[in-house]
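All remarks here apply to the structure that follows.
Computed from the coordinates by the stated procedures, all read-outs in this text should not be read as laboratory data. Quantities reported herein were computed from a predicted structural model and do not represent experimental measurements. Methodologically, a virtual Cβ is constructed for each residue, glycine included, from the backbone with ideal geometry; neighbour enumeration extends over all protein chains shown.
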Amino acid sequence: MAGSRENRLGEVVDRFYEAALRPELWRTALHAYSEALGAEGALILPGPRAAVAPACSEGLDAVVSRGVDEGWFADNPRVTRGIPALKDTRGVLVESQIFTPRELDHLPFNADFVARSGFRWFAGIYLVASGQDSVMLSVERKPGQEPFSHREIAQIGRMLPHFQRAGEVALRLAETRASSILEAFELMRCGGLLLDGTGRVVGQNGRARAMGGRTLRVVQGTLVAHPAATNAALGRLIGSVIGRGPAHAAPAAPPVAVPREGGPPLVVHAAPLVASGQEPFRRARAVLLIRDPAEAGEVGDALLRQAFGLTAAEARLANALARGRDLAEVAAAGGTTVATLRSQLKAVFAKTGTHRQAELVALLVRMALPA
């Protein structure tokens with residue numbers, strides 16, 4: 001059996017630090033970790049409450065896919081037993097610490113999943129130590145190989161602080177990237193909510209909180225609408241963007257209108273967050289965008305002048321019409337005549353490529369709203 005070498009594990013640490021900054025490199029980093037230990041594969045697994053997705057080295061894709069599809073990872077005894085057993089967050093966990101020899105052969109998880117997938121021995125560590133929200137790193141060997149030796153476990157232990165530092169960096173950077181999405185929606189005057197792979201809300205911006213009020217609330221991680229009759233439609237919308245498989249395979253569900261008192265309904269859009277490669281620390285898998293039709297913004301005069309070559313007076317007139325004022329009101333407020341405004345309006349039509357006031361207003365509304 002190929003023995004592990006300390007210098008090769010040192011090279012793996014460098015790969016982990018690089019993958020923390022560039023999530024698309026996690027597969028190759030896990031493969032290097034597995035090879036350095038003479039194993040068949042390595043994978044990252046979430047704790048019971050960690051909203052991250054499993055990731056694995058090349059060769060374990062079928063095993064991980066089966067574990068997710070058949071629900072083995074939902075009640076993984078390696079994790080549920082391992083977290084309380086691994087009281088030292090800098091320790092290394094192996095199968096003999098949490099399973100008896102009989103359990104290795106007969107416990108359903110081991111017999112029907114691990115063994116049938118062609119594996120038996122493992123060595124696991126905390127990549128992020130946070131109780132039930134922990135993220136674990138496991139390296140796997142087949143029955144014909146030897147269990148991990150005390151020497152190999154000691155070698156993993158010496159490198160473990162580096163692995164955990166890389167894991168913390170990866171987690172914080174993933175959270176920062178998610179926050180930037182919500183901040184972007186804030187700038188677009190839209191409410192934004194991030195969902196994990198189960199549809200639970202894992203982040204929202206201030207506008208979503210203010211906009212929702214009694215109409216849309218997050219209750220224990222679940223988005224709830226009032227009146228409740230809208231919840232079924234919301235559930236279908238969310239389900240369309242968090243399903244398994246490629247994003248293009250799911251039908252693009254239409255937005256949902258949520259009625260509210262004292263104003264037009266809020267409009268909720270949804271989209272999956274697709275990323276290249278495996279990003280195990282990215283909790284957010286989909287986004288909900290909430291738009292309030294009553295908060296349609298105004299295109300600034302400066303932007304209209306730049307975009308269409310309008311004069312200052314023409315830009316003011318265009319925005320006044322977009323706000324619902326008529327020519328008589330604009331004339332009275334500006335101390336001019338309706339005839340003068342009609343002349344300006346003709347120039348605005350020509351410069352914007354519109355022909356009627358309704359077309360002009362529709363154009364300005366589209367410019368004011370986020371895409």
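For the chain, set up a GNM with springs between Cα atoms under 10 Å and report which of Ala328, Ala62, Ala252 has the largest fluctuation.
Among Ala328, Ala62, Ala252, the largest mean-square fluctuation in the Gaussian network model of the chain belongs to Ala328.
Determine ³J(HN,Hα), in whole Hz, for all residues of the range 186-200 in sequence, where each value follows from phi through the Karplus function 6.51 cos²θ - 1.76 cosθ + 1.60 and θ = phi - 60°; x replaces Gly and Pro.
In residue order, the calculated couplings are 4, 5, 8, 6, 10, x, x, 10, 9, 10, 8, x, 9, x, 6 Hz.
With +1 assigned to the C-beta of every Lys and Arg and -1 to the C-beta of every Asp and Glu, and no other charges, what is the dipole magnitude of the range 11-154 about the Cα centre in debye, to the nearest 20?
The dipole of the range 11-154 has a size of about 320 debye.
Taking the Cα centre of the chain as origin, sum charge times position over the Cβ atoms of Lys and Arg (+1) and Asp and Glu (-1), and report the length of that vector in debye to the nearest 20.
The dipole of the chain has a size of about 860 debye.
Kindly provide the helix-only [θ] at 222 nm of the chain, computed as the sum of -39,500 (n - 2.57) over DSSP H runs of four or more divided by all residues, to the nearest 500 deg cm²/dmol?
Rounded to the nearest 500, it is -13500 deg cm²/dmol.
From the phi of every residue in the range 151-165, what ³J(HN,Hα) in whole Hz does the Karplus formula 6.51 cos²θ - 1.76 cosθ + 1.60 yield, where θ is phi - 60° and glycine or proline is x?
5, 5, 5, 5, 5, 4, x, 5, 8, 4, x, 5, 4, 5, 5
Could you give each residue of the range 213-224 its phi-based ³J(HN,Hα) in whole Hz, using Karplus coefficients 6.51, -1.76, 1.60 with θ = phi - 60°, and x for Gly or Pro?
For the range 213-224, the Karplus curve yields x, 7, 6, 10, 10, 9, 10, 6, x, 10, 7, 10 Hz.
For Ser130, list long-range residues whose amide hydrogen, built 1.01 Å from N in the peptide plane, is under 5 Å from its own amide hydrogen.
Those lying under 5 Å, H to H, from Ser130 are Val135.
Search the structure for amide H atoms under 5 Å from the amide H of Arg260, placed 1.01 Å from N in the peptide plane, and list their residues when 5 or more places away or on another chain.
Leu266
Take the alpha-carbon positions of the chain, form their convex hull, and give its projected area averaged over all directions (one quarter of the hull surface) in nm².
23.2
Which is farthest toward the positive dipole end of the chain among Val202, Ala74, Gly335, measuring Cα position about the Cα centre, with Cβ charges +1 (Lys, Arg) and -1 (Asp, Glu)?
So the residue furthest toward the plus end is Gly335.
Could I have the simple spin-label model distance between Ala253 and Glu329, label points 7 Å from Cα toward Cβ, reported in nm to one decimal?
The two pseudo-label positions are separated by 3.9 nm.
What ranking do 358-368, 165-175 get when scored by the average of other Cβ atoms within 10 Å per residue, highest first?
Highest mean packing first, the order is 165-175, 358-368.
Return the long-range amide H neighbours of Gly203 (sequence gap of 5 or more, or a different chain), with a cut-off of under 5 Å between placed amide H atoms.
Leu194
Can you sort Val219, Val287, Val12, Val267 by how many other beta carbons sit within 10 Å, fewest first?
Fewest-to-most Cβ neighbours within 10 Å comes out as Val219, Val267, Val287, Val12.
Fewest Cβ neighbours within 10 Å first, please rank Arg283, Arg102, Arg209 accordingly.
Working: Arg283 22, Arg102 9, Arg209 14.
Listing Arg283, Arg102, Arg209 from fewest to most nearby Cβ atoms yields Arg102, Arg209, Arg283.
Mean-square fluctuation check for the chain, GNM, Cα pairs under 10 Å: which of Ala53, Ala154, Ala225 is largest?
Comparing Ala53, Ala154, Ala225 in the GNM, the peak value goes to Ala154.
Name the residue, out of His226, His106, His269, whose mean-square fluctuation peaks in a Gaussian network model built on the chain with Cα pairs under 10 Å.
Looking only at His226, His106, His269, the largest GNM fluctuation is found for His106.
What ranking of Thr215, Thr337 emerges when the number of other C-beta atoms within 10 Å of each C-beta is taken as an exposure proxy, fewest first? Working shown, then result.
Values: Thr215 20, Thr337 11.
Lowest count first: Thr337, Thr215.
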